[in-house]
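Report on the structure given below.
Throughout, read-outs are computed from the coordinates displayed, never taken from laboratory work. Being a predicted model, the structure only gives us computed values, none of them experimental. Reconstructed Cβ throughout: ideal geometry from the backbone, glycine too, with neighbour counts over all protein chains shown.
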Amino acid sequence: MVVNRIAFAHGEIFRVVDDFYTRIQNDPVLQIPFRSVGDWPEHIERLTHFWWVRFGGRPYLFNHYNPVMKHFFAGFNRELLARWLAIFHDTLKTHLQPEQAELWALVSSRMGESLALRNELYGQEHGS
Ligand code: HEM
């Protein structure tokens, strides 16, 4: 897939996502909210698909995500988000060319900001 003339192969996306969630499972803080994930290979496949489609790839799995509610109940907050993004950006640098890593880091930071705002709204609407 090509975004701003930067290409992402499906295999590259898979390798990033796979390594990232291995790091998450070994992180003393983030492994706690991620205990809700019962089937890691399935989660990794789902999130590979999520990023593939975000970068313009053709959907090939059942394509419905409900991130706001799921994150709210996983205890998402800005502190966890900052840690998530630091690990994610490190993983990007390990596997990709600098310009690919930079673009994906930017996209993930923006998504994180949007998730944080929607998480706060969800909390207000549901009385927390
Ligand atoms: C930019 C940052 C993030 C992005 C783009 C992101 C994206 C996603 C997506 C797309 C899903 C799948 C949702 C679905 O299946 O409907 C997911 C699941 C999940 N995320 Fe995140 N996430 C981010 C940050 C975080 C953070 C900081 C936490 C810490 C609480 C977190 C915890 C989880 C958990 C526990 C799940 C699994 C939920 C479940 O399947 O029960 N995520 N994330």
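Over the chain, what is the mean sequence separation of C-alpha contacts under 8 Å (at least six apart), divided by residue count, expressed as relative contact order in percent?
Values: 90 pairs, mean separation 39.3, N = 128.
Value for the chain: 31 percent.
Between amide H atoms placed 1.01 Å from N, distances below 5 Å from residue 3 occur with 8, all of them 5 or more places distant or on a separate chain.
Distance from the C-alpha centroid of segment 66-128 to that of segment 11-30: 14 Å, rounded to the whole angstrom.
Calculated from DSSP H runs of 4 or more alone, at -39500 (n - 2.57) each and per residue, what is the 222 nm mean residue ellipticity of the chain, nearest 500? Walk me through the intermediate numbers first.
Values: 5 runs with 84 residues, N = 128.
Dividing the helical sum by the residues of the chain leaves -22000 deg cm²/dmol.
Stretched out straight at 0.36 nm per residue, the stretch from residue 107 to residue 39 would grow longer than its current Cα-Cα span by 21.9 nm.
Taking label positions 7 Å along the Cα-Cβ direction at both residue 85 and residue 3, the computed distance is 1.5 nm, reported to one decimal. Please label the shape of segment 14-73 as rounded, prolate or oblate, based on the square roots a ≥ b ≥ c of the eigenvalues of the alpha-carbon gyration tensor (a/c under 1.5 means rounded; beyond that, a/b larger than b/c means prolate, else oblate). It comes out oblate by the Cα gyration axes.
What number does the chain give for Rg over Rh if you use C-alpha atoms and the Kirkwood radius?
Numbers: Rg = 14.7 Å, Rh = 15.4 Å.
Radius of gyration relative to Kirkwood radius: 0.95.
If you bin all the Cα-Cα distances of segment 44-108 at 5 Å, starting from zero, the percentages per bin are 4, 14, 19, 24, 22, 14, 3.
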